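Everything on this sheet refers to the single structure shown next.
FYI, it's all coordinate maths here, none of it is from the lab. Source: prediction; values computed, not measured. Backbone-built Cβ (ideal geometry, glycine too); neighbour counts: all protein chains shown.
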Amino acid sequence: MEKKVYLDNAAATPVRKEVIEEMMPFFDAEFGNPSTVYDMGSRIKAVVDVQRAKVAELIGARPEEIIFTSGGTEANNLAIKGIAFAHRKKGNHIIVAATEHHSVLNSARFFERLDYEVTFLKVDEYGLVDPQRIRELIRPETILVSIAYASNEIGTIQPISEIAEVCKNKGVFFHTDGVATVGNIPVDVKQLGVDLLSLSGIPLEAPKGTGALYFRKGLRLMPLLHGGIQESGRRGGTENVPGIVGLGKAAELTLQELPQKMRHVKVLRDKLVSGVIESIESVKLTGHPETRLPGHASFCVQAIEGEALVFMLSSEGIYVNTGSACASKALKTSPVLLAIGIPPELAQGSIVFTLDVTNTEEDIDYVLEKLPFVVGRLRSMSPLWGKKETAQASS
Amino acid sequence: MKFVKDIKADDTLDLVCRMCPLHLLEPGEKLACMKEGQVLEVLTDYDGALEDIPSWCEKCGQEFIGIEEDEDCYKLYIRKKKGNGDGKESISG
Amino acid sequence: MYSEEVMKHFAQPKNVGEIKDADGIGEAGNPVCGDMMSFYIKVKDGRLEDVKYKTFGCVAAIAVSSKVSELVKGKTLEEAKALSKKAVAEALGGLPKEKMHCSNLGAEALGKAIADYEARHGGMPLAEQTEKQFEVTLGCCDCSTENPPQAKFCMSCGKELKK
């Protein structure tokens with residue numbers, strides 16, 4: 001059997017067996033609609049409430065502070081648009097980091113077309129924002145700051161508690177996109193002090209199309225989906241019961257297993273990083289070297305292009321990602337890499353590894369065996385290798 | 001439409017940004033947990049509530065005190081007339 | 001995403017390399033945009049005796065370079081000059097819409113190599129004359145048109161140019 005090493009867990013994960021088993025009855029035997037008045041419905045409503053409590057427990061929230069969504073993108077949209085529309089009378093200035101996911105950036109850009117102003121906050125060479133700079137940028141019209149807890153592209157973890165403190169003191173709502181963190185590191189919304197947090201089922205090994213938005217109790221939010229009474233009128237539409245059950249089960253398992261997962265992936269990741277740096281010249285580790293997600297490694301490889309690298313690795317059974325999928329399909333250089341000061345031609349050689357608990361040391365050894373060979377092959381074809389452009393990339 | 005001012009409320013229900021039929025469901029749930037004589041303040045920006053809530057109060061035997069217009073929403077006041085506040089009773093008649 | 005023929009040329013690209021004493025050299029693309037090709041040709045009796053290239057770019061770019069070299073090796077200069085981006089894409093079994101510019105790049109780089117050869121036979125090598133020119137034009141990432149360095153928008157497709 002061909003060897004397969006899957007290291008793109010930020011994009012997709014296989015749904016856990018226990019999660020699938022938990023979901024199955026809700027496709028046929030227990031198919032009721034939670035909004036119906038008879039027992040078939042009220043029973044399902046009770047099930048949904050139990051899942052809500054499980055997701056809340058994972059992030060230190062109250063059950064009534066959870067809105068189930070179709071994923072991280074919807075949660076981000078709901079956070080940005082929900083706050084901006086609901087609090088227009090208070091102000092019309094929004095601050096987001098220049099490195100946010102497209103679902104945050106484009107939601108913010110949408111408001112530039114209305115009578116709102118958006119500040120795209122610069123980051124440093126590691127992708128970190130400066131809480132002091134946020135304090136300076138907040139003005140009387142500022143209503144919302146949105147900074148992702150961590151980046152799926154470069155792994156850097158932001159100083160969320162400090163930023164939350166700044167926002168609280170200034171009376172401004174603070175949202176964090178927690179998609180890269182919930183399921184990968186411990187997240188406690190009360191300790192962090194955030195007003196809103198988005199999460200996705202994918203890092204939890206729940207089905208795609210599941211997620212949630214945490215919103216601090218008492219926060220006014222304009223719904224995106226106006227409809228019936230689902231999610232207390234904050235997100236209309238008949239609930240995706242099997243998906244919600246899957247998310248709840250995955251959250252429950254994650255709560256129990258997270259410390260072990262973190263230890264496991266960190267060891268493998270560290271081996272991968274030192275192996276890559278040692279065996280391949282002119283390669284740069286992107287993101288913060290220490291304050292980063294434990295299972296995340298990202299590099300820029302001089303003189304080769306990311307898509308070619310990904311395809312060549314996949315022909316060896318190794319599945320990784322290159323920069324931002326949205327960017328690469330649109331033929332744009334990753335805005336995140338440009339924002340941290342990576343020169344555009346080096347940014348083309350972006351490669352991102354996101355590990356999971358199913359990865360083994362054998363997987364890493366296999367990657368360290370094949371990667372230098374693949375890089376060498378692409379560099380032998382490249383007009384940029386071996387000439388003036390081979391100035392040190394890893395500084 | 002009965003307009004009032006400076007009513008002291010025992011609890012507040014914020015329904016701003018949320019629409020029909022929450023404005024008829026949530027007050028009931030909230031009142032079920034309150035004692036007789038206590039006042040619930042309902043905040044809403046939904047115009048339909050101005051007619052619906054007073055009618056609902058009449059139908060369910062609760063006292064509709066009045067409305068105050070605030071900067072960004074309406075404030076509607078309901079005094080609980082019946083029930084023991086254990087959360088188990090049916091408020092909606 | 002890619003046809004079998006594209007993947008074949010990507011996995012086993014033909015004619016990769018440089019020709020040290022090339023009769024013509026042509027370069028197209030821009031590493032800033034993510035695709036760059038350098039073509040080297042050897043000409044004998046009006047035919048392309050040898051064609052080699054180096055490519056920095058995606059799967060499509062590598063496959064296009066390989067296919068272009070395969071299509072023109074042994075052909076006359078006129079036949080090679082007539083190679084269109086459409087013909088390259090068709091020979092590869094089609095390219096995704098967003099990758100069509102790679103086939104443009106291949107035809108362009110080859111065309112420049114031939115132009116360099118012809119210039120050398122009519123005077124100073126084009127590669128020398130235009131080496132400076134390559135440094136001072138601004139390539140469009142969408143349609144690969146070389147624009148004047150001070151241009152803000154592409155004179156061919158109108159897209160905003162990146163410096």
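Are there any GluC sites (Glu not before Pro) in segment A:78-151 that are in a DSSP loop and have at most 16 other Cβ atoms within 10 Å? List them by number.
Passing both the DSSP loop test and the Cβ count: A:GLU125, A:GLU141.
If you average the sequence gap of Cα pairs under 8 Å that are 6 or more apart and divide by the length of chain C, what percent do you get for the contact order?
23 percent
I need the phi-derived Karplus couplings for segment A:313-323: 6.51 cos²θ - 1.76 cosθ + 1.60, θ = phi - 60°, integer Hz, Gly and Pro marked x.
With coefficients 6.51, -1.76 and 1.60, one gets 5, 5, 5, 9, x, 10, 10, 9, 10, 10, x Hz.
What's the average, rounded to a whole number, of partner chain beta-carbon atoms within 10 Å of each residue's beta-carbon in C:57-65?
Taking all residues of C:57-65 together, the mean is 5.
Report, to the nearest 10°, how far helix A:160-170 tilts away from the longest principal axis of the Cα atoms in chain A, using its own Cα long axis and a range of 0 to 90°.
50 degrees
Starting at 0 and stepping by 10 Å, how many percent of the alpha carbon pairs of segment B:11-79 end up in each bin?
22, 62, 16
Of A:GLN348, A:GLY376, A:PHE174, which is farthest along the charge dipole of chain A in the positive direction, counting Lys and Arg as +1 and Asp and Glu as -1 at C-beta?
With unit charges placed on the Cβ atoms, the residue in question is A:PHE174.
Sequence neighbours fewer than 8 away in the same chain don't count; with that in mind, list the lysines whose C-alpha is under 20 Å from C:LYS20.
A:LYS387, A:LYS388, C:LYS42, C:LYS44, C:LYS52, C:LYS54, C:LYS73, C:LYS112
What angle, in degrees between 0 and 90 and rounded to the nearest 10, separates the Cα long axis of helix A:102-112 from the longest principal axis of the Cα atoms of chain A?
Once rounded, the angle reads 70 degrees.
Sort out for me the Cα centre separation of segment A:264-300 from segment A:87-147, rounded to whole Å.
Centre-to-centre distance over Cα atoms comes out at 30 Å.
Out of the GluC sites (Glu not before Pro) in segment A:1-86, which ones are loop residues according to DSSP with at most 11 other C-beta atoms within 10 Å?
Those that pass, being in a loop and sparsely packed, are A:GLU2.
Cα gyration tensor of segment A:254-343, axes a ≥ b ≥ c as square roots of the eigenvalues: rounded (a/c below 1.5), prolate (a/b > b/c) or oblate?
Judged from the Cα gyration tensor, segment A:254-343 comes out prolate (a/c at least 1.5, a/b above b/c).
What are the membrane-span-like helices in chain C by this rule: whole DSSP H runs, Cα extent along the axis at least 30 Å, mean Kyte-Doolittle hydropathy at least -1.0?
Helices passing the filter in chain C: C:100-122.
In percent, what relative contact order does segment B:11-79 have, based on Cα pairs under 8 Å that are 6 or more apart in sequence?
Relative contact order comes out at 35 percent.
List, in the order given, every pair from C:LYS14/C:LYS85; A:LYS284/A:LYS332; A:LYS170/A:LYS208; C:LYS85/C:LYS152 whose Cα-Cα distance in the structure shown is over 28 Å.
A:LYS170/A:LYS208
If I take the Cα coordinates of chain C and project them onto the principal axes, what are the three extents in Å, biggest first?
43, 42, 24 Å, listed from the longest principal axis down.
Calculate the FRET efficiency for A:GLU57 and A:SER35 from the Cβ-Cβ distance with a Förster distance of 35 Å, rounded to the nearest 0.05.
It comes to 0.90.
Could you give the angle, 0 to 90 degrees to the nearest 10, between helix A:39-59's Cα long axis and the longest principal axis of the Cα atoms of chain A?
Orientation of helix A:39-59: about 50 degrees from the principal axis.
Going by a ≥ b ≥ c, the root eigenvalues of the Cα gyration tensor, does chain A fall in the rounded group (a/c under 1.5), the prolate group (a/b larger than b/c) or the oblate group?
oblate
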